[in-house]
There are 2 protein chains.
Amino acid sequence: MTELIIKPIGIVKNKANKEVLKYSNKDLKLDLDAVLDQGSDLIRSKILINEEYKECLDGIEDFSHIIVFFWTHKIPDKARQIKKVHPAGMKKMPIKGIFATRSPVRPNPICKTTVKLIERKGEILIVEGLDAIDNTPIIDIKPHIPFYDSPLNIKLADWMYDLMEELKKLTENSDLEESSNPYSINIRSHPCIRPNQQKNAP
Amino acid sequence: MTELIIKPIGIVKNKANKEVLKYSNKDLKLDLDAVLDQGSDLIRSKILINEEYKECLDGIEDFSHIIVFFWTHKIPDKARQIKKVHPAGMKKMPIKGIFATRSPVRPNPICKTTVKLIERKGEILIVEGLDAIDNTPIIDIKPHIPFYDSPLNIKLADWMYDLMEELKKLTENSDLEESSNPYSINIRSHPCIRPNQQKNAP
């Protein structure tokens, strides 16, 4: 199959400059300092859309949430070869195929994050909850539509529930405020609840 | 900004061979026959992952829903220049910027659809709800995680609620069975309810 060409349509501007997950020794490595640094920047980022694509944004301001597609530009090209990782670089997690994880290291290093759209000012989008670092190339923007994007009756792999709890614990043990914790429900709003706990919930 | 290179990681196999939305005269054109044809194929598609990426799937079988990223390969290159369209090619809809729509015609023709994962057999994924036609290149697969992908308290643009109703009406007026209707809640599971109707709901 032939190669496909993507042209960046914009760039991220925020104060986060350390990657949370790096490629290291054919696996991922979690940088906890970067997670904590990123906390407050997760709250607000700017997305600058290139002048030529400015009018492509017309109407986006009427949506509360948008899907941001970005290219994890810090990942070295050779990292695109690896097939399996420890999720979030945690050795206690079972090693899994890249497509079963949200690893930023993947054959095509495309990430998607659904964020709250705070404001549009011309070619600038102010968003909340973007986990991309400063200068990350943006490759697409779409409105979030529950009909297409939020199916119901979800079941995750057991290790993924463990991982979400682990990440929350790690950040709760820091002196990060709850409102700046990227794994707090304040920012992401939708909890991942194990099916057996959903049943027992009031 | 430099160009970014994507390598397809797999391909779609199903019986849908007509595009639902085509590029036509600097806008979109809806092919209702294609929507109706696609109905039963939306129920089940195969995704064949290339042999070299097969082990990237290990662990995916433990998730109920996956996000499929694909490249709308039938869109001509010149179409990537257009900035605004009538959503779903419907002239009664207000013209909007591409990034405020889910148009398959866009600067980088990447689509994402969240689908139900029915089964994994080696390098084959059987999925329900994929709106890609036969032979569409697949560029990424990720597990769907509500924490990242399903924010709450969503507000859409008014025209988007209108459009969803319009598409549902169009397909209901056909002789398509409810279970094969791509706009039926049976397949997508999550309704788009206007905020004022949410409040009034019992």
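Only residues that are within 23 Å of B:Lys13 (Cα to Cα) and either open to solvent by 20 Å² or more (accessible area, probe 1.4 Å) or not in a helix (DSSP H, G or I) (or both) were counted in segment B:59-93, giving 17. Restricting A:Arg194, A:Arg188 to those that are buried (at least 21 other Cβ atoms within 10 Å of the Cβ), of a type in the set (Lys, Arg) and at pLDDT below 75 reduces the list to A:Arg188. Looking at segment B:36-54, can you tell me whether even one residue there is free of Cβ contacts under 8 Å to residues at least 12 places away in the same chain and within 23 Å of B:Ile141 (Cβ to Cβ)? For segment B:36-54, residues free of Cβ contacts under 8 Å to residues at least 12 places away in the same chain and within 23 Å of B:Ile141 (Cβ to Cβ): present. A single member of B:Leu42, B:Leu21, B:Leu36 is at pLDDT below 85, open to solvent by 10 Å² or more (accessible area, probe 1.4 Å) and of a type in the set (A, V, I, L, M, F, W, C), and it is B:Leu36.
Entry remark, segment A:110-144: residues being within 16 Å of B:Ile145 (Cα to Cα) and more than 7 Å from chain B (Cβ to nearest Cβ) number 5 in total. Taken over segment B:118-138, the criterion of being within 16 Å of the chain's Cα centre (by Cα), surrounded by 23 or more Cβ atoms within 10 Å (Cβ to Cβ) and within 16 Å of B:Gly10 (Cβ to Cβ) is satisfied by B:Val127, B:Leu130, B:Ala132, B:Ile133, B:Thr136, B:Ile138. When residues in segment B:94-106 are screened for being facing another protein chain (nearest Cβ under 7 Å), open to solvent by 10 Å² or more (accessible area, probe 1.4 Å) and within 23 Å of B:Pro8 (Cα to Cα), 1 of them pass. B:Glu52 meets the conditions (1) under 21 Å from the mean Cα position of the chain (by Cα); (2) more than 7 Å from every other protein chain (Cβ to nearest Cβ) in every case but one. The failed one is (1).
Among the residues of segment B:145-160, none is identified as more than 7 Å from chain A (Cβ to nearest Cβ) and of a type in the set (Gly, Ala, Ser).
Of everything listed in (1) closer than 30 Å to B:Gly97 by Cβ; (2) part of a helix (DSSP H, G or I); (3) among the hydrophobic types (A, V, I, L, M, F, W, C), the single unmet condition for A:Ile47 is (2).
Of the residues screened, A:Phe63 is one that is within 8 Å of chain B (Cβ to nearest Cβ) and in contact with a His (Cβ under 8 Å, 6 or more places away or on another chain).
The values are calculated or read from the model by the stated rules, or taken from the named source; none is laboratory data. Predicted model, so just to flag it, every value in this text is computed and none were measured. Note that each Cβ is placed from the backbone with ideal geometry, even for glycine, and that neighbours are counted across all protein chains shown. We work out accessible area using only protein heavy atoms, side chains counted, and drop any ligands, DNA or RNA first. Shrake-Rupley method; radii C 1.70, N 1.55, O 1.52, S 1.80 Å.
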